[in-house]
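What follows is a short report on a single structure.
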Amino acid sequence: MTIVSARAERFSGHESFVCRYGWLPKVYRAVLTNPRILRDEEQAMLVLGIGRNMVKSLQFWAEAMGVIESADDGHVPGAVGRRLFGEAWDPYLESPESLWLIHWQLSSRASLAAWNEVFGEGRLIRFERARLIQALGQRSAHMARPLAPSTLEQHASLFIQSYLPSEKNGDDTSWCPLQDLGLLKATRTEDGRTIYSTDIHVQVGLTPRVFAIALVDFLLCQKLSGTADFNSVLKGDYSPGVVFRLSEHQLRLIIERTIDGPLHGALRFVDTADTQSIVLTSNQLDPQFQLWLQEEALENA
């Protein structure tokens, strides 16, 4: 699967629930113990301690976030799940770094329409809910069967709820951890309208090693050349600059930190009078930063 997935975009499947705090580590461990757990709803409800519709929602989000993936005999750990939970990067999903990796997966690889529109292609920076719904309607116009307005409205609402910080009321089980990224903010205009914004700001917790994974993913999908001009990394569809909402200065700074750190010897920034390019030498690359290529190699083995 490439960054811009060939799979049809999805507008539903989340069963009106955002991904709840605690769901992902729990389902990862459950699938390790019993790969068929999600094929038996009654058993899944008992083991996971949630209702039937929540089981369906949990499966949707865990697959979309790369924590698990469907297999012939149930489910197996996915690339993101193995990295975070299997390799003990963050077994309880407590680090903002982990959320940035999940955000990259959702925005570049999950084929979710709202994520593609806002964070993958960066078409909407400031928008009203109605504008997002309209954009989703345009994205679905080519489908053989038109989507019901309620489907578009629910998908837009779930996207907003996934990122918009809300009152947690001391109950960590009812909020989506992606809210901690602070990527979406809401302001009220004088005439009472709510404007949502995903403006560039300081991205707390975005580390060089997660940025390295995303950058390698992006570069190796550039016709497998491993090279891209700086502007495409900053502003291109499904690029680190767009997905992570980075300014030019922020992007340059984290690329420098990545060259000096996790991708030392494998990444170069070429700055000439004619061009500014990011060049990856893949045979010098630590395999741990080829997260999805490892996954695809396993699938093709």
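The values are calculated or read from the model by the stated rules, or taken from the named source; none is laboratory data. Quantities reported herein were computed from a predicted structural model and do not represent experimental measurements. Heads up, the Cβs are rebuilt from the backbone with ideal geometry, glycines too, and the neighbour counts pull from every protein chain shown.
Here are the numbers for the structure shown:
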| read-out | value |
| --- | --- |
| Residues of the stretch 146-182 classified as at pLDDT 90 or above, surrounded by 12 or more Cβ atoms within 10 Å (Cβ to Cβ) and part of a helix (DSSP H, G or I), total | 18 |
| Subset of the stretch 30-39 [surrounded by 15 or more Cβ atoms within 10 Å (Cβ to Cβ) and either in contact with a strand residue (DSSP E or B) (Cβ under 7 Å, 6 or more places away or on another chain) or assigned to a helix (DSSP H, G or I) (or both)] | Ala30, Val31, Leu32, Pro35, Ile37, Leu38 |
| Qualifying position, being surrounded by fewer than 19 Cβ atoms within 10 Å (Cβ to Cβ), under 23 Å from the mean Cα position of the chain (by Cα), not assigned by TED's automatic domain parsing to the domain that holds Trp115 and not aliphatic (A, V, I, L, M), among Asp260, Asp237, Asp217 | Asp237 |
| Single condition Asp237 does not satisfy, out of (1) in contact (Cβ under 8 Å) with a residue 40 or more places away in the chain; (2) farther than 18 Å from Leu106 by Cα | (2) |
| Of all residues making up the stretch 93-116, the number that are aliphatic (A, V, I, L, M), in a helix (DSSP H, G or I) and under 19 Å from Ile160 (Cβ atoms) | 5 |
| Residues (in contact with an Asp or Glu (Cβ under 9 Å, 6 or more places away or on another chain) and closer than 15 Å to Ala214 by Cα) located in the stretch 248-272 | Pro262, Leu263, Ala266 |
| Tally of residues being in contact (Cβ under 8 Å) with a residue 24 or more places away in the chain and basic (Lys, Arg) across the stretch 125-165 | 3 |
| Filtered residue count, the stretch 253-287, keeping only those that are assigned to a helix (DSSP H, G or I), of a type outside the set (A, V, I, L, M, F, W, C) and touching a residue at least 12 places away in the same chain (Cβ under 8 Å) | 5 |
| Subset of the stretch 183-197 (residues that are surrounded by 19 or more Cβ atoms within 10 Å (Cβ to Cβ) and within 23 Å of Glu97 (Cα to Cα)) | Leu183, Leu184 |
| Filter pass, Val216 being in a helix (DSSP H, G or I), farther than 23 Å from Gly78 by Cα and not basic (Lys, Arg) | no |
| Gly78, sole failed condition from (1) free of Cβ contacts under 8 Å to residues at least 40 places away in the same chain; (2) in contact with a strand residue (DSSP E or B) (Cβ under 6 Å, 6 or more places away or on another chain) | (1) |
| Checklist (1) in contact with a Pro (Cβ under 8 Å, 6 or more places away or on another chain); (2) modelled with pLDDT under 95; (3) surrounded by 17 or more Cβ atoms within 10 Å (Cβ to Cβ) applied to Leu84, failing item | (2) |
